[in-house]
Amino acid sequence: MTAFIGPEAIVKKRQKYFYPCTSHFYRKPPQLVRGSMQYLYGHDGVRYTDFYAGVSVASCGHCNPYVAAKTAAQLRELQHTCTIYLTEQNVELAERLAAVLPGDISRSFFCNSGSEANEGALLLARMHTGRRKFIALENGLHGRTYLTMSVTGMAMWRTDPELAKDQDVAFIPRPFEQGGDNEAAARRSLAALEALLAERGGEFAAMIAEPIQGNGGIVVPPAWYFPEVKRLLGQYGVLLIADEIQTGFGRTGRMFAMDRWSVTADIVTVAKGLGSGIPVAAFCTTSEIAASLDRPSASTFGGNPVSSATAIAVLDFIEGHRLVQRSEELGAQLREGLERLAAEFPEIITDVRGEGLMMGLGIAEDRPELGARLTDDLLEGMKNQGYLIGKNGVGRNVLAFQPPLVISAADIAGMLTALAAELAALEEQGVESGAKEAAAGESSGPFPTSAAPANREGR
């Protein structure tokens, strides 16, 4: 029998050897030691149903037998070469991606992470247009490299205070207003974009945007918003970069979230779900735009045989098991259940939003500090009931439901029952008093649960 050091020992070692910026979920976090499809297992044998998938990563489930077998077989055959050598796996993956990417997008540059993919996309836009500046949405998240942090609109993820002086990025309001009129918010966002382009359109290489903001709180724009954005940008020769890092590969009930609005971006970035746990990413574009990135470049690990073989297996599994359609169908079940809970607990739940299996539940968003504490209460309670859920949002007060796409209807029903019980318990003890009691307790790692972010998932 395997001996595990246990959660307490891991926390102590993290505090000794990790940077202080690294934290964790939960006041009493489990040590996870095994995964199987939609389930994770603690060192003590407790099974958890995963409703976060490592922030939209484990698209096909944890240790999916089909995908893992393809990964292991490739690992035994040929593990690594750089792109300066010829291998079959990465060109096959590029061909497979071209078949599912929208429009005429058929060229892929492989790398390792979403941050790298977005960094490469921003560079490509500069090379193609000959312009330097970018447009981004407030409260978006695009990565942890220097340039991707510059186009990130969430203050908590803009680590370097000097980023505030970056003159190469212009932010416009996002098409969302908490507790307000999202149609009006989208019109304000579009008006800000139109005014910016009218004044300085010739300066901008691209606008980068998540089709649905993930860390920003699962924010879905009105259906007309991105078609209008694309039209406006086209008038000034400004490219649109769709950051599909979280939303790609069936997460929202479409292969790519922009497909919901029939929008074809000029550049699409992908990662996370493409590898279902193995690092693989790419920035993808048309032949015309790709031709502008013609100076020597390479990626040491990007498109290596193991990650490429894994991604091909992921695409096979998504297609063979109709995971895009399942995401749409099961997402409807999840939404219906969350909306039912919102009607039952209006003092706690302020909003339900999302698409497919990317849903957000706003927790007292009109009272951000209280909402953050209640969100931590619910995370802890759901963990104790065997369900792992995420959290995000500007105030860290949005419960995030982004499970593996292999989740079942029974799993969703069980989770909703457990969540109803946790909400009822909060209501019974008194929302305000329960949150105060929780705030006085043990915090999630080195940060207080109501202050700094507890999830440092990165990109």
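The values are calculated or read from the model by the stated rules, or taken from the named source; none is laboratory data. Since this is a predicted model, take the numbers as computed values, not measurements. Cβ placement follows ideal geometry from the backbone for every residue including glycine, while neighbour counts extend to all protein chains displayed. These area figures cover heavy atoms from the full protein model, side chains too; ligands, DNA and RNA do not enter into them. Shrake-Rupley method; radii C 1.70, N 1.55, O 1.52, S 1.80 Å.
Candidates in the range 186-207 are the residues that are touching a helix residue (DSSP H, G or I) at 6+ places or on another chain (Cβ under 7 Å) and over 23 Å from Asn397 (Cβ atoms); of these, the one that is most open to solvent (accessible area, probe 1.4 Å) is Glu194.
Going by what's in this entry, would Tyr41 be described as in contact with a strand residue (DSSP E or B) (Cβ under 6 Å, 6 or more places away or on another chain) and either crowded, with 18+ Cβ neighbours inside 10 Å or at pLDDT below 95 (or both)? In short, no. Within the range 79-118, the set of residues being in contact with a Pro (Cβ under 9 Å, 6 or more places away or on another chain), open to solvent by 70 Å² or more (accessible area, probe 1.4 Å) and part of a loop (DSSP other than H, G, I, E, B) comprises Gln79, His80.
Would you confirm, using the coordinates I've provided, whether His62 is open to solvent by less than 60 Å² (accessible area, probe 1.4 Å), in contact with a strand residue (DSSP E or B) (Cβ under 6 Å, 6 or more places away or on another chain) and of a type outside the set (Ser, Thr, Tyr)? In short, yes. The set of residues in the range 1-58 being in a loop (DSSP other than H, G, I, E, B) and either charged (D, E, K, R) or closer than 20 Å to Met359 by Cβ (or both) consists of Phe25, Arg27, Lys28, Gln38, Asp44, Phe51, Tyr52, Val57, Ala58. Do we find that Gly337 is buried (at least 19 other Cβ atoms within 10 Å of the Cβ) and either within 21 Å of the chain's Cα centre (by Cα) or among the aliphatic types (A, V, I, L, M) (or both) in this structure? When the stated conditions are applied, Gly337 does not pass them. Only one entry in Glu432, Glu422, Glu442 is assigned to a helix (DSSP H, G or I) and modelled with pLDDT under 90, namely Glu432. State whether one or more residues within the range 66-76 are assigned to a loop (DSSP other than H, G, I, E, B) and either over 30 Å from Val398 (Cα atoms) or modelled with pLDDT of 95 or more (or both). No, there is no match, as no residue in the range 66-76 is assigned to a loop (DSSP other than H, G, I, E, B) and either over 30 Å from Val398 (Cα atoms) or modelled with pLDDT of 95 or more (or both). Return yes or no: is Phe171 within 30 Å of Thr22 (Cα to Cα), of a type in the set (A, V, I, L, M, F, W, C), surrounded by fewer than 18 Cβ atoms within 10 Å (Cβ to Cβ) and modelled with pLDDT of 90 or more? Considered against the rule, which asks whether it is within 30 Å of Thr22 (Cα to Cα), of a type in the set (A, V, I, L, M, F, W, C), surrounded by fewer than 18 Cβ atoms within 10 Å (Cβ to Cβ) and modelled with pLDDT of 90 or more, Phe171 comes out as yes. Does Thr83 satisfy the condition of being out of contact with any Leu (no Cβ under 9 Å at 6 or more places or on another chain) and among the polar types (S, T, N, Q)? So Thr83 passes the test.
Conditions tested, residue by residue: (1) within 22 Å of Leu399 (Cα to Cα); (2) modelled with pLDDT of 95 or more; (3) open to solvent by 10 Å² or more (accessible area, probe 1.4 Å).
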residue: Val220; (1), (2), (3): yes, yes, yes
residue: Tyr236; (1), (2), (3): no, yes, yes
residue: Asp243; (1), (2), (3): yes, yes, no
residue: Ser262; (1), (2), (3): no, yes, yes
residue: Thr269; (1), (2), (3): no, yes, no
residue: Lys272; (1), (2), (3): yes, yes, yes
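Only residues that are small (Gly, Ala, Ser), modelled with pLDDT of 95 or more and surrounded by fewer than 24 Cβ atoms within 10 Å (Cβ to Cβ) were counted in the range 386-417, giving 6.
Does Leu193 count as within 18 Å of Asp243 (Cβ to Cβ), within 22 Å of the chain's Cα centre (by Cα) and either of a type in the set (Gly, Ala, Ser) or at pLDDT 95 or above (or both)? So Leu193 does not fit the description; no.
Farther than 23 Å from Pro403 by Cβ, part of a loop (DSSP other than H, G, I, E, B) and in contact (Cβ under 8 Å) with a residue 24 or more places away in the chain - does that describe any residue in the range 269-284? No, because not a single residue in the range 269-284 is farther than 23 Å from Pro403 by Cβ, part of a loop (DSSP other than H, G, I, E, B) and in contact (Cβ under 8 Å) with a residue 24 or more places away in the chain.
Of the set (1) open to solvent by less than 30 Å² (accessible area, probe 1.4 Å); (2) in contact with a Phe, Trp or Tyr (Cβ under 9 Å, 6 or more places away or on another chain), all apply to Ala53 but (2). Based on what the data block shows, is Pro227 farther than 18 Å from Ser56 by Cα and assigned to a helix (DSSP H, G or I)? Against the criterion (farther than 18 Å from Ser56 by Cα and assigned to a helix (DSSP H, G or I)), Pro227 qualifies.
Every test in (1) at pLDDT 95 or above; (2) within 30 Å of Ile278 (Cβ to Cβ) is passed by Thr81 save one, and that test is (1). Residues in the range 159-171 that are outside any helix (DSSP H, G or I) and farther than 14 Å from Ser115 by Cβ: Asp160, Asp166, Gln167, Asp168, Val169, Ala170, Phe171.
What number of residues in the range 1-37 are in contact with a Leu (Cβ under 8 Å, 6 or more places away or on another chain) and open to solvent by 90 Å² or more (accessible area, probe 1.4 Å)?
Adding up the residues that qualify gives 1.
Any residue in the range 315-322 that is open to solvent by less than 20 Å² (accessible area, probe 1.4 Å) and within 20 Å of the chain's Cα centre (by Cα)? Yes, the conditions are met somewhere in the range 315-322. Between Gln213, Gln235, the distinction of being closer than 19 Å to Gly248 by Cβ and not hydroxyl-bearing (Ser, Thr, Tyr) belongs to Gln213 only.
Could you check how many residues of the range 344-385 are open to solvent by less than 20 Å² (accessible area, probe 1.4 Å) and of a type in the set (S, T, N, Q)? Counting residues in the range 344-385 that are open to solvent by less than 20 Å² (accessible area, probe 1.4 Å) and of a type in the set (S, T, N, Q) gives 1.
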